[in-house]
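For reference, the structure is listed below as structure tokens.
The values are calculated or read from the model by the stated rules, or taken from the named source; none is laboratory data. Please read these numbers as outputs of a predicted model, since none were measured by experiment. Cβ placement follows ideal geometry from the backbone for every residue including glycine, while neighbour counts extend to all protein chains displayed.
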Amino acid sequence: MEINNYISSPHFLQLLLRNMKKFVIAIIFAFLFLPQVLLSQDTFPSVSLKFDTRFDFTGIIPVQDSLSSLSSFDGKYLNIILDGELNQKFSYNYRQRMILSSKFGYQSFFNATDWLYLNYKINNNFSIAAGKQIVAIGGFEYDYAPIDLYLWSTFWNNVTCYQIGGTVKYRTKDNKHNLGFQVVNSPFATQTLQNIYAYNLIWYGNFNKFNTIYSLNRIEYEKGHYINYIVLGNKLSISQFSIEIDLMNRFSERQEDIFADYSVISNFKYNLNNKIIIFVKSGYDQNKAQQANSTFIYDRYVEPGTEYFFYGAGLEYFPIKNSQDVRIHVVWASNNNRAEYHTFNIGVRWQMNVFKK
């Protein structure tokens with residue numbers, strides 16, 4: 001009780017805020033100056049550092065008169081991205097979100113690390129990677145960085161997509177196809193040493209106008225119990241027009257109908273003069289594999305009873321010629337939730353390239 005009183009006291013909160021400020025300043029100092037010191041010693045053949053951020057204004061307007069409109073300005077993301085090479089064999093990739101708190105309480109700095117992994121190039125075809133990385137699930141919606149999405153499926157909104165583990169990768173001689181086999185901690189793990197894992201096989205294919213991101217995933221949600229994914233991400237590009245269609249099936253060996261839990265997502269884009277992109281996106285998540293009141297759930301991301309349809313449209317404008325460092329967006333979206341709303345979003349995203357060598 002005394003500890004709880006101390007934690008809730010103004011003195012403790014002031015001390016915590018001061019320490020957080022020092023922590024943030026130290027991190028910024030390290031990112032800005034430490035790489036320059038290392039570069040002065042010719043330690044890295046190549047390195048790049050940039051910041052990536054987005055700010056939005058969102059308004060939610062209800063269909064029913066009994067509900068109230070909601071709106072606010074909001075800072076969506078602040079990412080630090082560091083990539084480089086140690087030598088001809090070793091390279092690294094790092095992305096950090098500057099998040100200090102959440103609805104679950106304070107997080108550690110490493111929990112806000114999207115990825116931090118080391119690559120080793122065995123030869124021109126094979127490589128391995130180890131560290132915190134993206135869980136290798138297919139589909140184009142899943143492949144987008146969160147900063148590039150404005151409306152999304154239930155699965156994307158709930159999936160835990162960064163875990164620690166290793167990946168073996170194979171690239172064809174023409175650099176058009178990439179295969180990867182990955183073993184990482186299960187996204188459903190809630191503590192360390194839980195002894196549950198995810199086994200993922202992914203294929204990035206390039207047939208010029210047609211691209212694929214396909215995956216087979218076998219993920220433990222409890223020891224010895226698995227949820228399986230078959231994901232077919234397809235993209236067709238013709239001139240300035242492109243269409244992305246993701247098909248995702250989720251199933252457990254325990255369920256009777258293996259096609260009762262799935263998602264379908266489509267995204268149509270038109271690129272106008274490399275300065276304006278117009279898009280229309282929609283998707284549907286369904287899970288009828290179990291009853292909505294089931295006590296033991298196979299699919300923890302799209303819960304039983306889900307029948308969610310979302311749709312929307314918008315445009316992106318790039319004001320700098322031949323550059324995507326600044327992007328302005330305007331988006332409208334809606335869905336079939338019981339309390340129906342129309343969401344309007346306008347915002348700006350910009351990338352700050354600190355240095356590259």
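Within the stretch 147-168, can one find any residue that is without any contact (Cβ under 8 Å) to a residue 24 or more places away in the chain, assigned to a loop (DSSP other than H, G, I, E, B) and of a type outside the set (Ser, Thr, Tyr)?
Taking every residue of the stretch 147-168 in turn, at least one turns out to be without any contact (Cβ under 8 Å) to a residue 24 or more places away in the chain, assigned to a loop (DSSP other than H, G, I, E, B) and of a type outside the set (Ser, Thr, Tyr).
Check off (1) in contact (Cβ under 8 Å) with a residue 24 or more places away in the chain; (2) under 19 Å from VAL159 (Cβ atoms); (3) not β-branched (Val, Ile, Thr) for GLY305 and give me the number that stays unchecked.
Every condition holds for GLY305 apart from (1).
Within the group LEU272, LEU315, which residue is surrounded by 13 or more Cβ atoms within 10 Å (Cβ to Cβ) and among the aliphatic types (A, V, I, L, M)?
Of the residues listed, the single one that is surrounded by 13 or more Cβ atoms within 10 Å (Cβ to Cβ) and among the aliphatic types (A, V, I, L, M) is LEU315.
Taking the stretch 265-318, which residues are closer than 23 Å to ILE147 by Cβ and of a type in the set (Lys, Arg)?
LYS269, LYS275, LYS281
Going by the structure shown, is ALA333 closer than 20 Å to SER263 by Cβ and aliphatic (A, V, I, L, M)?
yes
Given the options ILE320, ILE297, name the one that is loosely packed, with under 14 Cβ neighbours inside 10 Å, free of Cβ contacts under 8 Å to residues at least 12 places away in the same chain and of a type in the set (Val, Ile, Thr).
Just one listed residue meets the conditions, ILE320.
Name the residues in the stretch 186-202 that are closer than 19 Å to ASP299 by Cβ and assigned to a strand (DSSP E or B), would you?
Residues satisfying the conditions are TYR197, ALA198, TYR199, ASN200.
Check ALA145 against each of (1) more than 30 Å from PHE279 (Cα to Cα); (2) surrounded by fewer than 14 Cβ atoms within 10 Å (Cβ to Cβ) and name the one condition it does not meet.
For ALA145, the exception is condition (1).
In the stretch 169-212, what residues are exposed (fewer than 12 other Cβ atoms within 10 Å of the Cβ), over 21 Å from PHE126 (Cβ atoms) and in contact (Cβ under 8 Å) with a residue 24 or more places away in the chain?
ASN195, PHE207, LYS209
Residues ASN178, ASN211: which one is closer than 30 Å to VAL348 by Cβ, over 12 Å from the mean Cα position of the chain (by Cα) and polar (S, T, N, Q)?
ASN211
Kindly indicate which of GLY224, GLY205 is modelled with pLDDT of 95 or more, among the small types (Gly, Ala, Ser) and over 21 Å from LEU151 (Cβ atoms).
GLY205
Filter the stretch 245-288 for residues that are hydroxyl-bearing (Ser, Thr, Tyr) and modelled with pLDDT of 95 or more; which is farthest from the chain's Cα centre (by Cα)?
Ranking the qualifying residues of the stretch 245-288, first place goes to TYR270.
Only one residue in LYS50, LYS76 is of a type outside the set (Gly, Ala, Ser), assigned to a strand (DSSP E or B) and at pLDDT below 90, so which one is that?
Within the list LYS50, LYS76, the selection yields LYS76.
Would you check if GLY131 is without any contact (Cβ under 8 Å) to a residue 40 or more places away in the chain, surrounded by 15 or more Cβ atoms within 10 Å (Cβ to Cβ) and part of a strand (DSSP E or B)?
Spelling it out, GLY131 is indeed without any contact (Cβ under 8 Å) to a residue 40 or more places away in the chain, surrounded by 15 or more Cβ atoms within 10 Å (Cβ to Cβ) and part of a strand (DSSP E or B).
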